[in-house]
1. If only one of LEU152, LEU243, LEU239, LEU201 is within 19 Å of GLN110 (Cα to Cα) and in a helix (DSSP H, G or I), which one is it?
2. Is it the case that some residue within the range 110-130 is assigned by TED's automatic domain parsing to the domain that holds THR205, surrounded by fewer than 21 Cβ atoms within 10 Å (Cβ to Cβ) and at positive phi?
3. Do the conditions hold for SER494, that is, is it surrounded by 10 or more Cβ atoms within 10 Å (Cβ to Cβ), polar (S, T, N, Q) and either at pLDDT below 70 or over 30 Å from ARG404 (Cβ atoms) (or both)?
4. Of all residues in the range 112-149, which are touching a helix residue (DSSP H, G or I) at 6+ places or on another chain (Cβ under 8 Å) and in a helix (DSSP H, G or I)?
5. Run down ILE426, ILE405 and say which single residue is outside the structural domain of ILE260 (by TED's automatic domain parsing), β-branched (Val, Ile, Thr) and modelled with pLDDT of 90 or more.
6. Those residues that are among the aliphatic types (A, V, I, L, M) and at pLDDT 70 or above, I need them from the range 513-528; list them, please.
7. Which of the residues that make up the range 155-182 are assigned to a loop (DSSP other than H, G, I, E, B) and not polar (S, T, N, Q)?
Amino acid sequence: MYTVGLDVDKLVFTVKILLYAGNSWISSPLAFIALGTIYISKYYFTGQSAGNFSFSVKATAIAKNIYNKFSNLPLISEHVPDHKSNLSDEDFGYFLAGLIEGDGWFGKKQLHVIFAEGDASLAYYIKKKIGYGNVYKIKSKKAVRYICKHNLGISKILSLINGKMVSKYKYNQLINHHYPEDFNVTIQPPLNMLSLDNYWLAGFTQADGCFHISVVKSKTHKTGYSVRLEYSLKQNDDLPLKLLYDVLKMGNLSKYGTNIWCYKSSGFKTAANLINYFDKYNVFAEKYKDYLKFRKVYIMITEGKHLQEKWVKKIQKKSKSMTPAQSSCSIIFTYFCVFIFLHLIVDYISVLFSSDLGLTLLVTPFVSPLPGFVWPKGCLPVKTYDNADTQKLDILKDNKGKSRIYLWENKMNGNVYIGSSTSLTIRLIKYFNSSHLLKYANMSICKALLKHGYSNFSFHIVEYCVSDKCLQREQYYIDLLKNPKYNILRTAGSSLGYKHSEEAIAKIVASKKDKAHSDEWIANFVAAVKGRKSPMEGKKHSEETLIKMSDAKKGKKSSYIW
């Protein structure tokens, strides 16, 4: 929302237009170029209205008070405050609550938290603070996982974060997994509010936040480049982002086609407010290094150095040295402009001059959705559960003891797994058991559920079927979907096509080597079969049986060596 000191009253009209790459501004009521879908709304006057207003083409949703002027920015000290690593239980509790709400999940009497590889030191720090748990490297991924299953460790975690969670998702996990009963504790409801007076935002930023220095080409700057300080957060849960948006009263908030929300700000004034916060409530490991570069460039901007060519080059170097994984936070979408129909201009003018109350623009994102699964033509699920985490109880209840063809869909990348079961409840209980997933982590679907968490998966009932038709129908959908990504086996109900890893093969060979029966075992075996009559003693195969045996052996080479 591009607010001009005004409050919303009602929506007047909406018009979709194509998109424009570059810096845009409204200079007259007769022509303007904008991003996405524009909503022009009427407001009631609550204060002095701004005379001229502009907006950035980078904003993809609602935004407040985008501020990029460097003059009169708040000054900060060049001396960085001491980095606090030995946090009190109160501070650590808020940090841990934010971290878990960002990148953690609660299973049955266990907690999992994912960290970027560069933040492994933080995972070990948390293990040390809790006193329990283990840190594991996630194979083939630049990430590590902290897992705590010890009851005393879980009890300590609950005591630290209880009453400090902001949103309902992790709270619901605790309730659904019966933590109050298992640990004899009253779980406080979520706060539904965000404060800049504790470590919660630091923990949440550690999990899902990004500090980025963006240097982009610009025709309006003498150096040919525009410098931006970008801070962003991405989450499926929109509440924390909306609360941050309301607290800072700056930046923009957008929703992608895959139900992922993003808070983003590139304004210098927002950067100043964030620096005031993170100087007091610090992040850790690689994220802290990125923050220090972000902070240093802000100081350079307050000195006007971002307008000098030699300093722009130094800023570019700092930008390139930041954590590579964060570069996605600064993706710039390029678009093309469109002609504006006459009736739009007329409506726009009428709104502008029919009221002395001012205007605000709401910009809806026009963003390509992340890769998603597309159902084949003529094939749609009979039932869909959008969030396998929050709807777990419904999934189990609705499909109790029934035969189904089901599909797991990863909402992050569109990969799927097709399966079948004559008793779906038993199969689902295994899927929702993290111990089972860890035991069979070599299976692609189990590995994906552990990595991305249930909240990033949808569960679909593809078809109801009778028990003896399950494998047949599963095979039909495996073929229809052209070998789903998470289906290792290409034949339903068979291990045909499965290949053991070299490590597994080596273990099998090692287990077979020098495996000879002892003399005692042989003696016992001889004694057990001694005197036992052959089942064919005194009997003869029928001619029909002999013909079948002969036909079965045709074309086969003899295994005897003469």
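The values are calculated or read from the model by the stated rules, or taken from the named source; none is laboratory data. Since we're looking at a predicted model, the values are computed, not measured. Neighbour counts run over all protein chains shown; Cβ positions are idealised from the backbone, glycine included.
1. Exactly one residue qualifies, and that residue is LEU152.
2. Looking for residues that are assigned by TED's automatic domain parsing to the domain that holds THR205, surrounded by fewer than 21 Cβ atoms within 10 Å (Cβ to Cβ) and at positive phi, one finds none in the range 110-130, hence no.
3. Yes, satisfied.
4. Listed by number, the residues that qualify are GLY118, ASP119, ALA120, SER121, LEU122, ILE126, LYS129, ILE130.
5. ILE405
6. Correct list: ILE522, ALA523, VAL526, ALA527, ALA528.
7. Result: GLY163, LYS164, MET165, VAL166, LYS168, HIS177, HIS178.
Here is a yes/no grid of residues against (1) surrounded by fewer than 20 Cβ atoms within 10 Å (Cβ to Cβ); (2) closer than 30 Å to ASP103 by Cβ; (3) at pLDDT below 90:
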{"position": "CYS446", "(1), (2), (3)": "no, yes, no"}
{"position": "LYS451", "(1), (2), (3)": "yes, yes, yes"}
{"position": "ILE461", "(1), (2), (3)": "yes, yes, no"}
{"position": "VAL466", "(1), (2), (3)": "yes, no, yes"}
{"position": "LEU480", "(1), (2), (3)": "yes, no, yes"}
